[in-house]
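Rule-based calculations on the coordinates, nothing more; no lab input. Everything numeric in this text was worked out from a predicted model, so none of it was measured. When we count neighbours, we look across all protein chains shown, and the Cβ atoms used for this are built from the backbone with ideal geometry, even at glycine.
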Amino acid sequence: MESERSSNEFWLSQLKEHLKLQRYSPQATQRRLAVAAHFLGYLDRRAVPIEMAEPSNVRLYLQNELKLFHRRHRHAPWSLMADWRRSHTGGIEMLLRLVHGQWPPIPQPTTPIEKFQRDLCGEYNEWMCDLRGLALETRSGRCAEANRFLGWLGDRGSEHGLHGITVADIDGYMTVRARLHRRSTVREVATSIRNFLRYLQATRRTGIDLSTSVVGPTLYAFESIPSALDSEDVEKVVQTARRDRSREGLRDYAILMLLSSYGLRAGEITSLRLDDVDWRRDVLRIRHSKTGAHSELPLLAAVGNAVLGYLQKGRPKTDTRTIFIVHHAPYGPFHSGSSLYWLVRNRVTAAGVEGQGRLGPHAFRHARAVSLLRAAVPPKEIGDILGHRSAESTAVYLKLATADLRAVALEIPRSVNV
């Protein structure tokens, strides 16, 4: 018992130091330490050392806390269950990450089929990287789809079972996936499954090439218009953010300047590092998240001033090298490019700008492409700025210039004499 108490005190002191380094507020620190200590007491009563804790222990602890809350108050928590759960797991999960290094732990295969499928997806990922040169984001998505397909096959997703899959299996899986998603997503699923089946045939894991049997929906060229903003709306959003001199305002203004000036992807902005800005040469280095390529763009004065203003007056003190930081504890980089969606969407709303579609970071990218097209910039140069590998990717933005197409359209006569 004494050793368990000393172990708990050690880990609580480690958690307290971690919260201090991450600059959590005194209130948040006290709350997380209290919950972590309560969880440690729960484990002690069940003779489970913190080093041996599993996700099931956290799940049972939450169930027990919910029962106690209901018994004490005669009702469930008035707040949303997700908020109540988060208030009880924040300190616990942080403690478990300190003890175990990673939480939740990566589930290990428990059956021969699960082990085979894990190894197969790992080999598939290497095949896509070495032979196809696909970007990490693309490989991750296709591995996830392959894993879903193997799980759907059940026992037939084994080394010997794959030889027996048929066109009917492919159709059945695509039918299930089509019920859950819109056509554009189903087309991506079809592409991923087709690619995985080519790999299975190339490695002799299937008797025949089933990739040609994958049927996905047809998406016609230019059938939809991507979300975009007019140049006047872009300027309105940027200037509205510029008037916000708070720390978050300085950050958001710099992000909006990068979006509107260069049309960068959200992931390219969140991955920008301090070393990527060459202040002596006025150069901005970009890692293109979709292609994995690098490029250098001239650092425009207005953009440079916006970024510099944020670095000097808005950016929290932190050891991380990424430029843009989340402005709440733990102070660190944005998790991914998608984290910028609501940041941008809220700035668009604050500016009173309305429009159709998802007016997030990508709407600024499309708007920048249209402005370059209307400035008679060659598509090849636009593609270089946007980080496209092929002219086909850049051609997608042509359908946004509808006003230009109307200007050259022929007038339809009201009546024709035959």
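Summary table below
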item: Length-normalised contact order of the chain in % [C-alpha pairs under 8 Å, at least 6 apart]; result: 13
item: Equivalent-ellipsoid semi-axes of the stretch 299-374, from the Cα gyration tensor, Å, largest first; result: 26, 17, 12
item: Stretchable slack from Gln30 to Ala302, in nm (0.36 nm times residue separation minus alpha-carbon distance); result: 93.6 nm
item: Relative contact order computed over the stretch 45-177 (Cα-Cα under 8 Å; 6+ residues apart), in percent; result: 16
item: Over the chain: helical MRE at 222 nm, DSSP H runs n ≥ 4 each giving -39500 (n - 2.57), nearest 500; result: -18000 deg cm²/dmol
item: Under the Karplus curve 6.51 cos²θ - 1.76 cosθ + 1.60, θ = phi - 60°, whole-Hz ³J(HN,Hα) for the stretch 51-64, x wherever Gly or Pro sits; result: 5, 9, 5, 10, x, 5, 5, 5, 4, 5, 4, 5, 4, 5
item: Estimated FRET transfer efficiency when R0 is 41 angstrom, pair Thr166-Ser336 (beta carbons, to 0.05); result: 0.60
item: Arg247-Leu12 pseudo-label distance in nm [points 7 Å out on the Cα-to-Cβ vector]; result: 2.9
item: Euclidean distance between Cα centres, the stretch 330-381 to the stretch 61-120, Å; result: 35
item: Linear extension gain, Arg97 paired with Val377, 0.36 nm per residue minus alpha-carbon span; result: 95.7 nm
item: For the stretch 112-213, projected area of the alpha-carbon convex hull averaged over all directions, nm²; result: 6.1
item: Cα-Cα P(r), the stretch 103-164, percent of pairs per 10 Å interval; result: 21, 48, 29, 2
item: Scattering profile of the stretch 2-100 at q = 0.15, 0.21, 0.24 Å⁻¹ [log10 I(q)/I(0), Debye over alpha-carbon scatterers]; result: -0.62, -1.12, -1.33
item: Estimated distance in nm for a label pair at Arg132 and Thr318, the labels positioned 7 Å out from Cα along Cα-to-Cβ; result: 3.3
